[in-house]
Amino acid sequence: MFRRQSVHAVEEQVSILTNGIEQVALKERRPSVLRRMSVGHQSDASAVEVEDEGEDDEKLRIDDFKRLKVLGQGAYGKVLLVKNRKTSKLFAQKELKKASVIVSRKNVERTISERTILSQITSHPNIVKLFYALHDNSKLYLLMEYIPGGELFKYLVEEKFLNEKNTSFYIIQMASALKFLHEFGIVYRDLKPENCLLDKDGYLVLTDFGLAKKSSDESIDSEWCNSIIGTPEYCAPEVLKGENYGCSADWWSLGCVMYDLLTGNPPFTGGNHKRIMDRVVREKVRYPFYVTTTSIELLNKLLAKDARKRFDVDNDWSKFQKFQFFRYYTFAAIENRVVEPPIKPVITDPELAENFDGQFTSMKMSVVESIDEVDEVGDDAFTGFSYVASSSFVENYL
C-alpha cells in the first residue's frame, strides 16, 4: 500500500533517455485531480479573445467566473471549482501558467493538443466535456464539466478493493471511452483510477487529457508514439522501453487498472520509478488467491508483455464484450444508464466539492489569490488556443 501513503508526495520529474528517444517526465501516483500542476496565481481579470468560437460571439472574461474551491494543484497551475456569475453554472477550471508551459516545446504542444482533443471529442458519455478554452497574458484556462463525485481512486482507497461485479461496471466504461478515442486516432496514455471521476449518479467520466496524443492519420493499428510518458505502474512495457507504440498501450493500462480495482494495487509496484519499470518489463504478473479465473482470463489477455500478442480490443470489440468477466452487465445497459452504480457519491452541495481532497478544498481562496504571482507571457505560442462551444452544446450538457 506504499502508493496510498504518498498522498502528499510532490511529483518527481524523472528524465529518461533511451536509444535517443526524447527525455520526458514520468509521474508519481497521488489522489489529486491534477498531478502535473502547482499553485499558481489568478492573473488580472481581463477580456479574453475567442479565436475558435461556436455560435456565440460574446467575449468571455475570466472574472465572469467566481472561484469557489481548489480541487487540485501541481507543477504548472491548478484546477478550481468556479461558478459563472451570470448563470450560476459550475465548471472545473484548469489553469496553466504560460511561463511554466513555454519552457518546453513539448509542453506547449501537449497543452494545445489537450484543448484540441477535448474540443473535438464531445459526444461520449464517459469523456469529460470542454466548454471554453481561454487565455490572457499570464495563463491558459480550460473550463470543463464539473464532475462532483470525485476520483474513483478515493473510493478504491476507502474500499481497499472491489469485487468482480463492481469492477466490471467501471472497466466497461473505461473500455468504451478508450475505444471511442482510438477510433479518432487518439492514444490516451494515462489511464489510472485518479483520472476517472464519478458523476453525481456514480457513472464514470474520463478526465485529464494532458498526455493524450492524436495520430495524423487516425489509424487504430499504426504505432506513432515513442515518448516514455505516463505513470509507471500503468505504462505498457513497450512504452517504458522507448519502442514505438499505439493504441495497444492503452489496453495494457486498462488491464493494470482492472488488476488495481480487484486487488487494491497495480500489478507492478516498487519504491521508485526504476524498480517499477524493471518489474513491468521483466516480471510475470502474479495473482492473489482470491482473484477469480474469469478475471485472470481477461487480465492475461490485456497484460501480455508483447504488444503483438495482447488482445486486440479495438478490432475485436464483440469478442471482448463476450468475456465471462463482463457477465454481470450488458454494455448497452451501462451505456443507456439503466444500471444502478455500485457507488453513489454523497453530494450535499455541489459547491462544497466534498468528494475532493481536503488538503486542496480547505484552502482559503483569499489566501490562494494573495500568494499567486505569475509572469506575463506573449501570446505567439498559443495562437488558436481559445474556444467557445456552441450555445446548444452548453445548454445540453449543463
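Just one of the numbered conditions (1) hydrophobic (A, V, I, L, M, F, W, C); (2) buried (at least 24 other Cβ atoms within 10 Å of the Cβ); (3) within 18 Å of the chain's Cα centre (by Cα) is not true of Leu262: (3). What pairs can you find where one residue is in the stretch 314-332 and part of a loop (DSSP other than H, G, I, E, B), the other is exposed (fewer than 14 other Cβ atoms within 10 Å of the Cβ), and their Cβ atoms are less than 7 Å apart, with a gap of 6+ or different chains? Sorted first by the residue in the stretch 314-332, then by its partner, the pairs are Phe323/Glu297; Tyr328/Lys165. Looking only at the stretch 132-149, which residues are under 23 Å from Glu335 (Cβ atoms) and touching an Asp or Glu at 6+ places or on another chain (Cβ under 8 Å)? Residues satisfying the conditions are Ile147, Pro148, Gly149.
Values in this text are rule-based calculations from the coordinates and carry no lab data. Since the structure is predicted, the reported quantities are computational estimates derived from the model, not experimental observations. Cβ: placed from backbone, ideal geometry, glycine included. Neighbour counts: every protein chain shown.
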